[in-house]
1. Name, by its number, the condition in (1) at pLDDT below 95; (2) closer than 18 Å to Leu192 by Cα that does not hold for Gly157.
2. Among the strands (runs of 3 or more DSSP E) contained in the stretch 162-207, which hold 1 or more residues that are of a type in the set (Asp, Glu), at pLDDT 95 or above and in contact with a Pro (Cβ under 9 Å, 6 or more places away or on another chain)?
3. Does Ala93 qualify as being in contact with a Gly (Cβ under 9 Å, 6 or more places away or on another chain), surrounded by 14 or more Cβ atoms within 10 Å (Cβ to Cβ), hydrophobic (A, V, I, L, M, F, W, C) and at pLDDT below 95?
4. For the stretch 111-120, which residues satisfy the criterion of being closer than 24 Å to Ile79 by Cβ and in a loop (DSSP other than H, G, I, E, B)?
5. Under the condition of being modelled with pLDDT of 65 or more and in contact with a helix residue (DSSP H, G or I) (Cβ under 8 Å, 6 or more places away or on another chain), which residue from the stretch 122-139 is surrounded by the fewest Cβ atoms within 10 Å (Cβ to Cβ)?
6. Evaluate the stretch 121-128: report whether one residue or more is assigned to a loop (DSSP other than H, G, I, E, B) and more than 27 Å from Arg77 (Cα to Cα).
7. Looking at the stretch 25-47, which of the residues that are exposed (fewer than 12 other Cβ atoms within 10 Å of the Cβ) and either farther than 20 Å from Pro112 by Cα or of a type in the set (Gly, Ala, Ser) (or both) is modelled with the lowest pLDDT?
Amino acid sequence: MPIGHWALRETPKAVRHLRISIFLVLLLGACSKEQQTLPDELQLSDPAYEISVSHAFGPGGINHAFKVYDLEADVGRKINQSGLGFLSKMESAVNYPDEKNEARKEGGYFGPYWTSYTDWKPLPIPKDDNWIRRARVVAVSDQPIVEEFFGDNDSQGFTSTIDRSEIDKFLEVIRGKEGYYSYGGYREMNLLVVSPHHAKAYYLFRD
């Protein structure tokens, strides 16, 4: 074939199948990791509402999820009775492997790691560096807005795929005082919110 001549080549079926298999393994691994970091004591297994986008190749701000859970009545009672005393001492969270410390040992602070949710605080959520995704800020309100969390550049970002009524209910919760929140998950960038008053839990993922 002459130099400079380009031809389309069909990818062999075996290679295509291998790529698909790798994609599925990576995707399922990330999903499994997300679930493992959620405290067992909160009983969050079946979302009442979920919207997400996942890519096998990342991280880098391309994987997102917004999940709503119905908070079980007995879990709500425990939170109402003990508040931070219950949330900060959940055994499955406290005993989660210290991946952050291991990442520091192996390659530095910014290496990939996962944590559970142990540093709980009362609502409302402040509009601070934990909430706002750096370098892609949508600063149109003095209060937290979901676009800031996911780092949307414009009105066509991930937030636009979430049902508006779910966003409004979520904002009502996090701007109020009836519940608690904690950052954790992938590099401590994900968010978990529980509100016995609203009988809801919210999980927001970004990478």
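The values are calculated or read from the model by the stated rules, or taken from the named source; none is laboratory data. Bear in mind that the values here come from a model prediction, so they are computed numbers and not experimental data. Using ideal geometry, Cβ is built from the backbone for each residue, glycine included, and neighbour counts are taken over all protein chains shown.
1. (2)
2. The strands (runs of 3 or more DSSP E) meeting that bar number zero.
3. So Ala93 fits the description; yes.
4. Of everything in the stretch 111-120, those that are closer than 24 Å to Ile79 by Cβ and in a loop (DSSP other than H, G, I, E, B) turn out to be Ser116, Tyr117, Thr118, Asp119, Trp120.
5. Pro122
6. yes
7. Among residues in the stretch 25-47 that are exposed (fewer than 12 other Cβ atoms within 10 Å of the Cβ) and either farther than 20 Å from Pro112 by Cα or of a type in the set (Gly, Ala, Ser) (or both), the one modelled with the lowest pLDDT is Gly29.
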